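Peer 1: Submitted below is the structure of interest, expressed as structure tokens.
Every number here is computed from the coordinates shown, using simple stated rules; none is lab data. Quick caveat, the model's predicted, so the values are computed rather than measured. In this analysis, Cβ positions are derived from the backbone assuming ideal geometry, glycine residues included, and neighbour counts consider all displayed protein chains.
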Amino acid sequence: MTFTQSVRSVISKYAVFAGRASRSEYWYWILGLVLVSIVLSIVEGALVAPLLGFEPFAEEAGQPLNWLFSLIIFIPTLAVAARRLHDMGRSGWWLLIQIIPIIGALVLLWWLTRPSDAGENAYGAAPAAA
């Protein structure tokens, strides 16, 4: 799955928690979020901060565009992460393992980087075959 296909897939399944998501779909989505966040940070520092009466790139100016972006992509990011866990035969509820400090996030990161289950599992057909 290419970068563009991944982003389109996640956006088209905005709040769909059922099914499976391949590694490439998940990680291309994360890459897209990081790139957009970097661009928004630059725009906020160079343009928005002075418009709000702060020095360019001042920390106290806040990041209103990044906050708005985070609110918009919160649900699709949760959904694609749940579908990614489904791809390995795990429930999406395992996302809550992040509550455990450090260890939980590391375990989840490990799972999100693991290969997909071959063929069909309890959550549906493999993403490449879907």
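Peer 1: For the pair residue 110 and residue 2, how long in nm is the line joining their label points, each one 7 Å along Cα→Cβ?
Peer 2: My value for the distance between the label points is 3.6 nm.
Peer 1: Could you tell me which of 1, 11, 108 has its Cα farthest along the dipole of the chain towards the positive end, charges placed at Cβ (Lys, Arg +1; Asp, Glu -1), taken about the Cα centre?
Peer 2: With unit charges placed on the Cβ atoms, the residue in question is 1.
Peer 1: Right, next: Among 126, 85, 27, which residue has its Cα positioned farthest towards the positive end of the charge dipole of the chain, with +1 placed on the Cβ of Lys and Arg, -1 on the Cβ of Asp and Glu, and the dipole taken about the Cα centre?
Peer 2: Positive-most Cα among the choices belongs to 126.
Peer 1: Also: Where Lys and Arg each count +1 and Asp and Glu each count -1, what net charge lies around residue 21 among other residues with Cβ under 11 Å from its Cβ?
Peer 2: Details: positive: 13, 20, 23, 83, 84; negative: 25, 87.
Spelling it out: positives minus negatives among the neighbours equals +3.
Peer 1: Turning to a different aspect of this structure: Exposed loop chymotrypsin sites (Phe, Trp or Tyr not before Pro) only (DSSP loop, at most 13 other Cβ atoms within 10 Å): please give the longest stretch of the chain free of them, not including the sites.
Peer 2: Segment 58-130 is the longest.
Peer 1: Roughly how tilted is helix 3-12, in degrees to the nearest 10 and between 0 and 90, from the longest Cα axis of the chain?
Peer 2: 90
Peer 1: Place a label point 7 angstrom from the Cα of residue 125 along the Cα-to-Cβ direction, then list the residues of segment 73-102 whose backbone nitrogen is under 17 Å away.
Peer 2: Inside the label zone: 87.
Peer 1: To make sure I understand, if each residue's beta carbon is the centre and we count other beta carbons within 10 Å, what order do 6, 116 fall in, fewest to most?
Peer 2: Values: 6 22, 116 19.
Fewest-to-most ranking of 6, 116: 116, 6.
Peer 1: Given a Förster radius of 25 Å and the C-beta distance between residue 60 and residue 99 as r, what FRET efficiency does 1/(1 + (r/R0)^6) yield to the nearest 0.05?
Peer 2: So the FRET efficiency works out to roughly 0.20.
Peer 1: As I understand it, the value is the acute angle between the Cα axis of helix 23-43 and the longest principal axis of the Cα atoms of the chain; what does it come to in degrees, rounded to 10?
Peer 2: Between the helix axis and the principal axis of the chain, the angle is about 0 degrees.
Peer 1: Taking the Cα centre of segment 3-113 as origin and charging only Cβ (+1 Lys, Arg; -1 Asp, Glu), how large is the dipole, in debye to the nearest 20? Working shown, then result.
Peer 2: On the way: 7 positive and 6 negative charges, 156 e Å.
Around 760 debye, computed over segment 3-113.
Peer 1: Note the angle between two axes, namely the Cα long axis of helix 103-113 and the longest principal axis of the Cα atoms of the chain, as a number of degrees from 0 to 90, rounded to the nearest 10.
Peer 2: Orientation of helix 103-113: about 70 degrees from the principal axis.
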